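Notes follow the structure.
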Amino acid sequence: MRGISWTLLFSIGVAALLGWSGQLKRPIVALRLALEEPPKSLPLPIAGVPTAALRDTWGAPRGNGRTHQGTDIFAPKGAPVRSTTRGLVFRVGENRLGGNVVWIFGPGRQIHYYAHLDQFGDFKPGDLVMPGDIVGFVGNTGNARATPTHLHYGIYTPGEGAINPFPLLQRKQ
């Protein structure tokens, strides 16, 4: 009887671990990402936009006493927006300023923010994305309704808050 009890308990334990492995997989990926160094350079999130066309508007005045905390990359409506890094989709949704937005948790605990999207890519929170995966499509949602279509790309860190992504996008890969 005792042998059967231990065998049964062992089998239940193994089954539980196998059943939970999918749920445990994401926290392990998140931990690995958190422990990695943040990238020293990033690819442009929109193909075909030359780096020379980018402008560093970090800190430019915005309405209500705000300043610009990102890089705007102008492109045609519907152009694919690609992840600049490996990461976990943290949040997909809407907010007042960014309109349709995607937040991705990447290496070094950085959060990569993609805003003003016309549409979202085919993923959900918790999904793993790789550099080049489509996270959305260029639009002008949120407070960008009266502007030409573009992507607002931002990076947030746990220690510094928002950091300027422009220098990272300008560095050679």
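The values are calculated or read from the model by the stated rules, or taken from the named source; none is laboratory data. Predicted model, so just to flag it, every value in this text is computed and none were measured. Glycine also receives a Cβ, built like all others from the backbone with ideal geometry; neighbour counts cover every protein chain displayed. SASA here: full protein model, heavy atoms, side chains in, ligands and nucleic acids out. Shrake-Rupley method; radii C 1.70, N 1.55, O 1.52, S 1.80 Å.
Cβ separations smaller than 7 Å between residues 6+ apart or across chains give the following pairs from segment 84-95 residues that are open to solvent by 70 Å² or more (accessible area, probe 1.4 Å) to residues that are in a strand (DSSP E or B): Phe90/Trp103; Phe90/Ile104; Phe90/Phe105; Phe90/Ile111; Arg91/Trp103; Glu94/Asn100; Glu94/Val101. Kindly establish whether Leu151 is out of contact with any Gly (no Cβ under 7 Å at 6 or more places or on another chain), open to solvent by less than 50 Å² (accessible area, probe 1.4 Å) and not hydroxyl-bearing (Ser, Thr, Tyr). Here the answer is yes, as Leu151 does meet what is asked.
When residues in segment 97-124 are screened for being within 14 Å of Ser83 (Cβ to Cβ), open to solvent by 60 Å² or more (accessible area, probe 1.4 Å) and not charged (D, E, K, R), 1 of them pass. Thr51 meets all of the listed conditions (1) under 19 Å from Ile163 (Cα atoms); (2) of a type in the set (S, T, N, Q); (3) modelled with pLDDT under 95; (4) out of contact with any helix residue (DSSP H, G or I) (no Cβ under 9 Å at 6 or more places or on another chain) but one, namely (4). For Val135, the stated conditions hold: it is aliphatic (A, V, I, L, M), modelled with pLDDT of 95 or more, in contact with a Phe, Trp or Tyr (Cβ under 8 Å, 6 or more places away or on another chain) and under 13 Å from Pro45 (Cα atoms).
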